[in-house]
Amino acid sequence: MGLITWTEALETNQPEIDEQHKNLIDAFNSLHEAMARGRGREQVSKTLLFLTNYTVQHFRQEEAIMDQAGYPDAPRHKLMHHGLVVRLSALMKDYVVAPATLTGSTLDFLEGWLVEHIQAEDFRLATYLRERG
Ligand SMILES: [Fe+2]
Ligand SMILES: [Fe+2]
């Protein structure tokens, strides 16, 4: 999959959410680049830590929007967020012990997860927010 390019196909039309998704994609791309260019362990760790922290922050804010709007599908959506955070945390721990565990295909999986999540779950949330007005 490689680098993710932002396109309108990822746009929820919720400015706050879109802005954060763009930053999240940038963070993924930075990690991708750090790995592809064979950057040192320290640089990759730093990028991975930033990505994980930013993901947590974005999910928290998206969940606050859901709660505020009384989004009925919030529990399921939050569970998916939780799943990715658990996965990222495990990835970070594994990377510290054994850097070889972080591979391009792991990254591809995560990027695929993000794109699918935005287009399915976040779009559904955005539609709800729009219809609710
Ligand atoms: Fe989400
Ligand atoms: Fe999101």
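Coordinate-derived values only; no laboratory data. Owing to the predicted nature of the structure, the values given are computational and were not obtained by experimental measurement. Reconstructed Cβ throughout: ideal geometry from the backbone, glycine too, with neighbour counts over all protein chains shown.
Roughly how tilted is helix 123-132, in degrees to the nearest 10 and between 0 and 90, from the longest Cα axis of the chain?
Helix 123-132 and the main axis of the chain meet at about 30 degrees.
Taking a spot 7 Å from the Cα of Glu16 along the direction of its beta carbon, which residues of the range 66-81 have an amide N less than 17 Å from it?
Within reach of a label on Glu16: 66-72, 74, 78.
Would you calculate, for the chain, the mean residue ellipticity at 222 nm contributed by helices, counting each DSSP H stretch of 4 or more residues as -39,500 (n - 2.57) and dividing by all residues, to the nearest 500? Mind showing how you got there, number by number?
Working: 5 runs with 99 residues, N = 133.
Taken over the chain, the calculation gives -25500 deg cm²/dmol.
What shape does the range 16-83 have by the C-alpha gyration tensor, where a ≥ b ≥ c are the square roots of the eigenvalues, rounded means a/c under 1.5, and otherwise prolate means a/b greater than b/c and oblate the rest?
Working: a/c = 3.46, a/b = 2.59, b/c = 1.34.
Prolate is the answer for the range 16-83, as a/c is 1.5 or above and a/b outweighs b/c.
Counting only trypsin sites (Lys or Arg not before Pro) that sit in a DSSP loop (anything but H, G, I, E, B) with at most 16 other Cβ atoms within 10 Å, what is the longest stretch of the chain containing none of them?
Numbers: sites that count: Arg37, Arg39.
Between the exposed loop sites, the longest stretch runs 40-133.
Measure nothing but the geometry: give the 0 to 90° angle between the long axis through the Cα atoms of 104-117 and the longest principal axis through the Cα atoms of the chain, rounded to 10°.
Helix 104-117 sits at roughly 10 degrees to that axis.
In square nanometres and to one decimal, what's the mean projected area of the convex hull around the Cα atoms of the chain? List each step's numbers first, then the result.
Values: hull surface 30.2 nm².
For the chain, averaging the hull's shadow over all directions gives 7.6 nm².
Percent of Cα-Cα pairs per 5 Å bin, from 0 to the last occupied bin, for the range 75-117, please list those.
Taking every Cα pair in the range 75-117, the percentages come to 5, 21, 26, 24, 14, 7, 2.
Can you compute the charge dipole magnitude of the chain about its Cα centre, using +1 on each Lys and Arg Cβ and -1 on each Asp and Glu Cβ, nothing else charged? Give it in debye, rounded to the nearest 20.
Numbers: 13 positive and 19 negative charges, 104 e Å.
That gives a dipole near 500 debye.
What nm distance separates the two modelled labels at Ala64 and Lys46, each placed 7 Å from Cα along Cα→Cβ?
Result: 2.8 nm between the two label points.
Give me the net charge for the shell around Leu110: Cβ to Cβ below 12 angstrom, other residues only, Lys and Arg +1, Asp and Glu -1. Each step should come with its number before you reach the end.
Working: positive: Arg87; negative: Asp108, Glu111, Glu116.
Net charge in that neighbourhood comes out at -2.
Residue separation times 0.36 nm, minus the C-alpha to C-alpha distance between Ser89 and Phe123: what's the value? Intermediate results must be reported in sequence, preceding the final value.
Details: separation 34, 0.36 × 34 = 12.24 nm, distance 2.56 nm.
Separation in residues times 0.36 nm, less the Cα-Cα distance, equals 9.7 nm.
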